[in-house]
Amino acid sequence: MMLASGCGQLDARRDIGVHSQATVLNRPVVRPVRSISSFSESLNCMDHMLRAAELPTTLISSKQFPDFSGKVPVAVKDMVVTSLSQMSHLSNAFRYVDYEVDIARQDTVQNLTTILLNNNQMQLQRPALYVSGAIAFVDQNVTSQRKSAGVSSDRVDAGYSASNSATVVALEVHLGDFRTRTIIPGLDSANEVVIGGAGQGLDLAGRIGTYGVRFNVGRDYAMGTGGALRTLVDLAMIELVGKWARVPYWQCLMLNQTNPNFQRQMRDWYNESGTSGQLRLVRSSLISRGYLSSDQSDLGANHPVMRQATARFQADTGLIVTGIIDFSTYEFALRNFVALDDNGALTRIGWDNSGPSTSRVTVPATAAVAPWFINMQLENPQPAGLRPAFSEGDQIFLSATVSRASHLYCYYVDAAGTATRLLPNALQTNTLVAADQAIRIPDWMGANPGFILDAGKPGTESALCIATNEDAMPKLPPELQGPALTAVKDLQGAPGLRQRFLDAMGPQGSVAQVIRWNVVGRKAAGPAENEAK
């Protein structure tokens, strides 16, 4: 008797049919989607609100967010970066300083940064603020319910069970002053989220003769921890940034501004900073509503035009007409930044632009149309919200936003009054820009910005942006049709530029705004500084 052993020779060709499906089965069956939390629209709303507040760009960083429970393995720090970025698309309110000091966490970029810093080949800008926090606690199964029932007989056993549970996760976040490494009092956020799960099951067992049969049917769900933490982070950053910038952030969270806690918060802001601290927001509101024009964006609270606009707004809202920005005027001007539909979804971001009431004020026929204006800002990081003087050679970053689709032309005017066209230029030839889109001057986010804007000789410099209904270039005089980034001849200063556009387009065909800054001479290095170099 002979025995055969082994399983025969394996032939990979027999499995070609199975293997050929690997690349198909390896592909995801569901398309990826953008990560969206419950507050994604609120982050966009905050971006517009920070832009309206005309906040300067602030450098910010953050610490790692530990989770001592070990139950929530998520990258909270990166979620913080994403939230700050989404609140800075239009406003450019924050730039995150990405620097890792933990050697175990450093990557190629961080290693190169360390080398360049040690060799004095790179300068790392110091952030003004930093975010600190942690997952405070994870309480599992805070609530737990279980139900079960069953019946039994000689031939059939049946049972039903149901359960649900809830876990509470808390996140605490603080804002600190990087210069002193101190946590700023009052700039904190502590919120909790409930993560739930539930299940149902049905068991059926029977016996036919001597054969047993059993069926088990069940379904359950568990809410994701990552999505819950993203919602907590977005909420915390909206709250922190809103408190720091002193803007009514609760409107972007679709909460009622008449809440006593929010009223008390606004009263504190008003009392701490006075009218001047909140004037930019009030002025932005009056411009959006049509009480002021865009070229009046730098008026002081006691300017006659500003007081007249304030008085008209007070009359239209039923306040006591004084022309002074008291707390009631401040609070009413900041109301209704957003509008909601019946389902609570955002339908409008930004103040209503219906304009002054015609029953109290004589309004031109064009006032029924949404106000047309330009909003220009200096985007250089500025400590403590101040606008310091630039030194010769410092790079200058600007941005301009138009309230409706327009053709945009921007000029730089040095201390001697010589004007140079910045936009359009050889790389940015298209003059038509969309509404509410921040145009960076120069485009520091692009691979090739086209030009660099440096501070010139000591004195007062300015930038002028003009928006027109149609392409103005063919109608402009020859001296303004020359190549970009070269001095315009036979023209002196921003007033001359503005007059040329008024002559070409008419008084209703364009709007303009000027932004100014001071330039000082660069300080000569002393003996000690030379030795250090």
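Please treat every number below as a calculation from the coordinates, not as lab data. In this text the structure is predicted, and so the values were computed from the model without any measurement. Here Cβ is always computed from backbone atoms with ideal geometry, including for glycine, and neighbour counts include all displayed protein chains.
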In whole Hz and in residue order, list the ³J(HN,Hα) couplings for segment 286-291 that follow from phi through the Karplus curve 6.51 cos²θ - 1.76 cosθ + 1.60, θ = phi - 60°; x for Gly and Pro.
5, 5, 5, 7, x, 7
Under 13 Å, Cβ to Cβ, from Pro127 - net charge with Lys/Arg +1 and Asp/Glu -1:
+3
The alpha-carbon center of segment 404-480 and that of segment 253-330 are separated, in whole Å, by 31 Å
The ³J(HN,Hα) series, computed from each phi in segment 463-472 with the Karplus coefficients 6.51, -1.76 and 1.60 at θ = phi - 60°, rounded to the nearest Hz and given as x for glycine or proline, is 10, 10, 10, 10, 10, 10, 5, 9, 4, 8
Estimate the FRET efficiency between Asp78 and Ala434 by the formula 1/(1 + (r/R0)^6), using the beta-carbon distance for r and 35 Å for R0, to the nearest 0.05.
0.70
Over segment 374-520, what relative contact order in percent results from Cα pairs under 8 Å that are six or more residues apart?
32 percent
Among rounded, prolate and oblate, which fits segment 440-529 when a ≥ b ≥ c are the square roots of the eigenvalues of its C-alpha gyration tensor, a/c under 1.5 means rounded, and a/b larger than b/c means prolate?
prolate
Karplus-derived HN-Hα couplings along segment 256-272 (A = 6.51, B = -1.76, C = 1.60, θ = phi - 60°), whole Hz, x at Gly and Pro
6, 5, 6, 4, x, 5, 6, 5, 5, 5, 5, 4, 5, 4, 5, 6, 6
Quick one: which residues, 5 or more positions from Arg348 or on another chain, have an amide H under 5 Å from its amide H? H modelled 1.01 Å from N in the peptide plane, none for Pro or chain starts.
Ala339
Using a basic spin-label model with each label point 7 Å from the Cα along Cα→Cβ, how many nm lie between Ala487 and Phe178?
3.9 nm
Once you list every other residue whose beta carbon is under 12 Å from the beta carbon of Ala236, what net charge do they have if Lys and Arg are +1 and Asp and Glu are -1?
-3
Report the GluC sites (Glu not before Pro) located in segment 398-483 that are in a DSSP loop and have at most 16 other Cβ atoms inside 10 Å of their Cβ, or state none.
Glu470
What distance in nm separates the two pseudo spin-label positions at Arg13 and Ala315, each 7 Å out from Cα along the beta-carbon direction?
9.6 nm
Between Ala389 and Leu124, what is 0.36 nm times their sequence separation minus the Cα-Cα distance? Round to one decimal in nm.
93.3 nm
Amide H contacts under 5 Å for Ala136, restricted to residues at least 5 apart in sequence or on another chain and with H modeled in the peptide plane, are Ala170, Leu171, Glu172
